[in-house]
Structures are given as structure tokens and as C-alpha cells.
Amino acid sequence: MKITGIKKAVGDFNSWQGTARIYFDSSDGTVWTNVYAGMNEWDEYHSKTISQIYSKSTSTIWERDNKITMRELKELCENELRRVKL
């Protein structure tokens, strides 16, 4: 399955200095980042195919600057696809 949205998801995640969560939809292979004003915020997707696969928060000063590479994100998505198929 082709995974789409990796470049944009990585760019959005890495440029945001605050809480951000990366979601993946295993049904169609899309990945995206949602950014939030606070660490206690998130989106609830009522779908078994959508899962949060990576995040950072503002709970510590060091975590807000966490970055992810395109390769790391692709591997996380591939691992999620394998997990879902089990």
C-alpha cells in the first residue's frame, strides 16, 4: 500500500513547537499531523482504521522541539499496517 501525506505530516509536526499528534489511516494509507494549543487536547476519530502513531507535547521544554524524519514516519506507518493485518 502506498502511504500518502508523509512529507506534509513531517513538515507540520517538525515546525510546530507545541503539542502535535500524527495520525494514520490504515484503510487508505494516509498520514497527517494535527497541532494543538495544549497538551491535553487531541482528536477522537471513531474509526478502527485511524490511530495515533506519534506525538509530542508541551509537558517538558525538551519534548516540544522533538522532530521526526520521513523515514521514521514511514516505518511507523508500515509497522501499524502490519499490526492491523494480524
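The values are calculated or read from the model by the stated rules, or taken from the named source; none is laboratory data. From a predicted model like this one, the values you see are computed outputs, not experimental measurements. Neighbour counts run over all protein chains shown; Cβ positions are idealised from the backbone, glycine included.
Below are the figures for this structure:
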{"item": "Residue list for the range 10-30, restricted to those being assigned to a loop (DSSP other than H, G, I, E, B) and of a type in the set (Val, Ile, Thr)", "result": "Thr19"}
{"item": "Verdict on Ser47 being exposed (fewer than 13 other Cβ atoms within 10 Å of the Cβ) and either hydroxyl-bearing (Ser, Thr, Tyr) or at pLDDT below 90 (or both)", "result": "yes"}
{"item": "Residues within the range 52-69 that are under 11 Å from the mean Cα position of the chain (by Cα) and either part of a helix (DSSP H, G or I) or among the small types (Gly, Ala, Ser) (or both), tallied", "result": "1"}
{"item": "Hits in the range 1-33 (condition: more than 18 Å from Glu72 (Cβ to Cβ) and modelled with pLDDT of 95 or more)", "result": "Asp25, Ser27, Asp28"}
{"item": "Of all residues in the range 1-31 being surrounded by fewer than 18 Cβ atoms within 10 Å (Cβ to Cβ) and among the hydrophobic types (A, V, I, L, M, F, W, C), the one that is nearest to Lys85 (Cα to Cα)", "result": "Met1"}
{"item": "Cβ pairs under 7 Å, 6+ apart, first in the range 54-66 and over 24 Å from Ile6 (Cα atoms), second assigned to a loop (DSSP other than H, G, I, E, B)", "result": "Ser59/Met39"}
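Residue-by-condition table, conditions (1) surrounded by 11 or more Cβ atoms within 10 Å (Cβ to Cβ); (2) out of contact with any Leu (no Cβ under 8 Å at 6 or more places or on another chain); (3) over 17 Å from Ala9 (Cα atoms):
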| position | (1), (2), (3) |
| --- | --- |
| Thr33 | yes, yes, no |
| Tyr36 | yes, yes, no |
| Asp43 | no, yes, no |
| Ser55 | yes, yes, no |
| Glu63 | yes, yes, yes |
| Asn66 | yes, yes, no |
| Arg71 | no, yes, no |
| Leu76 | yes, yes, no |
| Arg82 | no, yes, yes |
